[in-house]
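Notes to accompany the following structure.
Every number here is computed from the coordinates shown, using simple stated rules; none is lab data. All values reported here derive from a predicted model rather than from experimental measurement. Reconstructed Cβ throughout: ideal geometry from the backbone, glycine too, with neighbour counts over all protein chains shown.
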Amino acid sequence: MTQILRADKAGVTRAAALLRGGALVGFGTETVYGLGGDATNADAVAAIFHAKGRPRFNPLICHYPSAESAFRQVVADERARRVAAAFWPGPLTLVLPRQSDCPVALLTGAGLDTLAVRVPRHPVAMALLREARRPIAAPSANRSGQVSPTSAQHVMDGLNGRIDAVLDSGRCAVGVESTVLDLSGPVPVLLRPGGVIAEALEACLGPIRRGGPSAPDDEALRSPGMMLSHYAPDLPVRLDAAAVASDEALLAFGPKPAGGLCSFQLSLSGDTVEAAARLFEGLRWLDAEGRRRGARGIAVMRIPATGLGLAINDRLRRAAAPRDGGADA
Ligand code: TXA
Ligand code: MG
C-alpha cells in the first residue's frame, strides 16, 4: 500500500526520512508530480525504473533545494549561472558535466558523463529537498508510457502499491514538465520544450539550438526521453481537429465545435498557460470518460505554437505518435 502524506511539517519530515532510507516517494512540483528516490543510492534509482516499468534506463533529473547545492555536483559555467539566476527556482532543467567527485549514482544519469539538474519552485518540494539533504532523482510519477500526473490522485492511479508514499501538495500549477536545456557543449540545445519558454531562454542566453522530436538523430540520442511515442493515453489521438465526430471525445481549446461524446476545455479564452496546467488532467479524463462511453479516439483542437503552446504541442504530438511499445515518459 502506498501511504498518502499531508504536505504539512510532519508529512515533509516523514517523506524526507523515507527518501533517506532508500524508499520511493511521489511529490508535487510546480510542473508535474515526481517519483522521488535518493539519487546517490543506485538501488533506490533502480527501484524508480522498476516502479515506473521503464523499459530502459533513460536518464533522470536530479532535484536540489538551491543552485549552490546543484553546482557543487555539476560543472556550471557562466551561462549556467546566468540562466540559473534568472529561472531557478523554476521549471528549467540544465544538462551539465558531472563534477569528478559527484556522488550521484551513475544509473541516475544512465551512465552519461552529464547530469540533468533542476531546482523546483514548489515550496513543499523545496522543503522536502532541504530535509532530504541529498539530490533526489525524480522522473514524472506515472507508469511508463502514460500521461504525467498533476495531482496526488493521478500518482495513486498509476503507482498505488508500487511506491512507499505520496506527499500530497495539491495540483501542479504549471502542468507540463520542465524545459530541458543542454549546456554541456558550446551551443545551448533545447532538448525538451517545457515550463520556461524558449524565447525567455534566448533573451537570457542568446541563440539556442532547438532540438526536440524533429531534431537530427544525434539529438534524439542525447536526450533519449525525446523519443516520439510518449505520454500516450489508451485512446488514439487526432491533432488539429476543426470538427469532432459523434464517436470521438474532444480536447477543446477556445470555443468548441458542436458534437462529440464528451469534451474537456483546456482554456476557453485561448490562454496557453491555463491550457498547459490542465493538459494532462484533460487527457486522462478524456481517456477514461471516452472509453467509458465507447469513443474511438480523442480529437484535439489546434493550439498555437507560441509561448507554452510549444510544450503543449510537443506533448500532444507524442500522444498522437504511432505507438512503438519501447517508449517511455
Ligand atoms: O518537470 C520535470 O522535469 C519533471 C519533474 C518531476 O521535475 N521530471 C521529469 O522527468 O519530467 P523525466 O524523467 O520524465 O524527464 C527527464 C528528461 C528526459 O527527456 C531525459 O531524457 C532528459 O530529461 N535527460 C535527463 N538527463 C539527461 C542527460 N544527462 N542528458 C540529456 N537528457 C537528459
Ligand atoms: Mg516523464
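Whole-Hz Karplus ³J(HN,Hα) for the stretch 186-191, in order, using 6.51 cos²θ - 1.76 cosθ + 1.60 and θ = phi - 60°, x for Gly and Pro?
Each residue of the stretch 186-191 in turn: x, 10, x, 10, 7, 8 Hz.
Semi-axes of the equivalent ellipsoid for the chain, please: Cα gyration tensor eigenvalues, times 5, square-rooted, ordered largest first, whole Å. Present the calculation step by step, with values, prior to reporting the outcome.
Values: eigenvalues 189, 107, 61 Å².
The three semi-axes for the chain are 31, 23, 17 Å.
For the chain, take the longest principal axis of its alpha carbons; what is the angle in degrees between that and the long axis of helix 9-20, to the nearest 10 within 0 to 90?
The helix 9-20 is inclined about 70 degrees to the chain.
Nearest 500 deg cm²/dmol is fine: what mean residue ellipticity at 222 nm does the chain get from its DSSP H runs of n ≥ 4 alone, each adding -39,500 (n - 2.57), divided by its residue count?
Working: 10 runs with 103 residues, N = 329.
The helix-only estimate for the chain comes to -9500 deg cm²/dmol at 222 nm.
Could you give the nm distance between label points at Ser269 and Asp101, where each point is 7 Å from its Cα heading toward the beta carbon?
With each label point 7 Å from Cα toward Cβ, the separation is 5.2 nm.
Considering only Ile136, Ile303, Ile208, give the residue with the highest GNM mean-square fluctuation for the chain, with springs between Cα atoms whenever their separation is below 10 Å.
Of the options given, Ile208 has the highest mean-square fluctuation.
Which part of the stretch 115-139 falls in the paramagnetic zone of Thr13, meaning amide N under 19 Å from the point 7 Å along Cα-to-beta-carbon?
Only 124-134 pass the distance filter.
Near the amide H of Gln3, under 5 Å away, which other amide H atoms are found, from residues 5 or more places off or on another chain, if H is placed in the peptide plane?
Those qualifying (amide H under 5 Å, at least 5 residues apart or on another chain) are Ala165, Val166.
Sorted by average packing, counted as other Cβ atoms within 10 angstrom per residue and highest first, what order do 70-81, 175-186 take? Intermediate results must be reported in sequence, preceding the final value.
Details: 70-81: 17.3, 175-186: 23.0.
Ranked by mean Cβ neighbours within 10 Å, highest first: 175-186, 70-81.
With both bridge residues required to lie in the chain, what share of the DSSP beta bridges run antiparallel, to the nearest 5%? Mind showing how you got there, number by number?
Details: 17 of 43 bridges.
About 40 percent, rounded to the nearest 5.
How far, in nm, would the chain grow between Cys262 and Asp113 when pulled straight, counting 0.36 nm per residue and subtracting the alpha carbon separation? Present the calculation step by step, with values, prior to reporting the outcome.
On the way: separation 149, 0.36 × 149 = 53.64 nm, distance 4.72 nm.
Gain in length upon complete extension: 48.9 nm.
Mean separation of Cα pairs under 8 Å and 6+ residues apart, divided by the residue count of the chain: what relative contact order is that in percent?
20
Kindly write out, for the stretch 287-296 in residue order, the coupling ³J(HN,Hα) from the Karplus curve 6.51 cos²θ - 1.76 cosθ + 1.60 (θ = phi - 60°), rounded to whole Hz, with x marking Gly and Pro.
4, 6, 5, x, 5, 4, 8, x, 5, 8
Between the helical axis of 42-52 and the dominant principal axis of the chain, each derived from Cα atoms, what acute angle in degrees is found, rounded to the nearest 10?
0
For the chain, set up a GNM with springs between Cα atoms under 10 Å and report which of Cys172, Cys262, Cys62 has the largest fluctuation.
Cys262
log₁₀ I(q)/I(0) of the stretch 1-107 at q = 0.10, 0.21, 0.24 Å⁻¹, via Debye over equal Cα point scatterers, no solvent, to two decimals?
For the requested q values the scattering log ratios are -0.32, -1.30, -1.45.
How many nm is it between the label spots at Gln3 and Asp43, if each spot is 7 Å from the Cα in line with the beta carbon?
The answer from the label model is 1.9 nm.
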